[in-house]
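Working notes, beginning with the structure itself.
The values are calculated or read from the model by the stated rules, or taken from the named source; none is laboratory data. These numbers come from a predicted model, not from an experiment. Here the Cβ positions follow ideal geometry from the backbone for every residue, glycine too, while neighbour counts run over all protein chains shown. The accessibility values were calculated without ligands, DNA or RNA, using every heavy atom of the protein model including side chains. Shrake-Rupley method; radii C 1.70, N 1.55, O 1.52, S 1.80 Å.
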Amino acid sequence: MKKILKNFSIALLTVTILLLSSCSEDENPFGQSANDATITLNSKSRDTLVYTKVGNAAIPVYIAVPESCDMENFPAVMVLHGSDGMWLDHDASTGKMSGQFNEWKELLNNNCIVAVFVDSYSGRGVQTRTGKWTTAPDNFKISSQFIRPRDANAALRLLQEMEFSNGEPVIRSNQIALVGFSDGASAVASTLYNTDSTPDGWQWTQTFDGKTYDTNSGVIPPEPKPETGFAGGIFYYGGSGAYNYWGKSPCSDDATEGNIFQPYAPMLYQVPSEGYLSENTLCQVALLKEKGLPVEVQIYEGVGHGFDFDKVEQSKQARTVSIKWLKQLFVNLED
């Protein structure tokens with residue numbers, strides 16, 4: 001395995017991958033199509049920071065490959081950060097992730113899973129989702145419904161193209177899952193949206209403070225689901241209202257017909273009993289189960305929003321549940 005990892009380092013030091021644009025110029029108001037990007041890796045480290053273009057933003061993608069795993073290639077988990085961003089002290093220039101994400105990197109790598117972290121903020125001049133970034137139209141720039149999924153899909157394509165020097169894939173293309181926290185959880189759900197299920201003539205809108213925004217005012221449709229998409233996703237304490245992007249509130253009486261959200265892959269919802277976003281997410285889970293879709297839910301009593309980084313027993317329990325769910329997901333996809 002050490003020989004394989006050395007070859008991996010050399011290969012990534014020189015390879016250039018064409019990163020396709022995550023959205024066309026016609027539907028993306030924020031920039032042009034993607035350019036070539038070079039992947040570089042310090043040969044003394046299994047961690048590397050890569051950039052992929054989404055619109056006119058250079059999106060950092062932090063990749064950590066496990067060591068000491070007797071495997072020819074790996075499954076991977078892509079982690080989507082919450083409203084506080086991904087970096088220690090909100091400083092992307094250091095390349096140092098905050099404690100929560102370092103813990104997840106270690107957790108995933110210890111289970112022989114490539115850990116991937118996608119930063120949707122710094123490349124767009126955003127540190128945290130506060131102030132003007134919480135309301136329209138400014139928050140369209142970092143929307144968890146229609147921008148952050150483009151970041152995830154661009155990173156997905158990057159991972160699916162990575163190869164060892166012998167031409168073998170580093171990552172199993174059908175075994176890449178998502179984990180997201182808070183705003184990142186909403187982005188996980190949106191990334192997994194099954195665009196094939198969109199009703200004919202659906203109008204993509206969002207509502208803020210009683211005002212409706214449509215495609216003429218900055219809302220854009222989701223991009224089509226990938227041919228080989230994500231294997232599944234874990235949703236930690238996010239909201240499911242989506243500013244009515246999916247139609248009716250999942251808690252409304254007419255949600256069965258009026259809420260169109262459907263994931264194309266299995267989802268595990270990790271929900272705190274005291275979370276301020278938990279009600280509409282539990283309604284969403286119930287709605288998806290009613291429609292026969294592959295979703296599971298775990299409810300953690302006595303904790304609220306953000307419990308994953310609170311150093312509480314429920315956090316440990318949830319991480320154990322997450323790893324077990326991911327491993328079973330990957331087993332189900334083995335040839």
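Some observations on this one:
- Percentage of interatomic Cα-Cα distances in the range 253-335 larger than 14 Å: 67 percent
- For the peptides 320-331, 171-182, 108-119, 56-67, the ranking by mean Cβ contacts within 10 Å, running from highest to lowest, is 171-182, 108-119, 56-67, 320-331.
- Volume of the convex hull of the chain (Cα atoms only), normalised per residue: 133 Å³.
- Extended-chain gain in nm, criterion 0.36 nm per residue less alpha-carbon gap, residue 90 and residue 244: 52.4 nm
- Among the listed pairs 289/324; 132/248; 96/211, those beyond 32 Å (Cα-Cα): 96/211
- For the range 164-248: relative contact order, % (alpha-carbon pairs under 8 angstrom, 6 or more apart): 45 percent
- Entry comment: accessible area of the chain is 44 Å² per residue, from protein heavy atoms only and a probe of 1.4 Å.
- Length available on full extension from residue 333 to residue 67: 0.36 nm per residue minus the Cα-Cα distance, which gives 93.5 nm.
- Here the spin labels are modelled as points 7 Å beyond Cα on the Cα-Cβ line, and at residue 253 and residue 138 they lie 3.8 nm apart.
- The apolar share of the surface of the chain, taken as the fraction of accessible area on carbon and sulfur atoms (1.4 Å probe, ligands and nucleic acids excluded), comes to 46 percent.
- Rounded to the nearest 20, the Cβ-based charge dipole of the chain about its Cα centre (Lys and Arg +1, Asp and Glu -1) stands at 780 debye.
- Rolled with a 1.4 Å probe across the full set of protein chains, the surface gives residue 225 an accessible area near 70 Å².
- Calculated FRET value between residue 298 and residue 165, using beta carbons and R₀ = 45 Å, to 0.05: 0.65
- With the charge dipole of the range 185-329 set up from +1 on Lys and Arg Cβ and -1 on Asp and Glu Cβ about the Cα centre, the Cα lying farthest toward the positive end among the listed residues 255, 329, 207 is that of 329.
- A simple charge model with +1 on the Cβ of Lys and Arg, -1 on the Cβ of Asp and Glu and nothing else charged puts the dipole of the range 98-224 at about 320 debye relative to its Cα centre.
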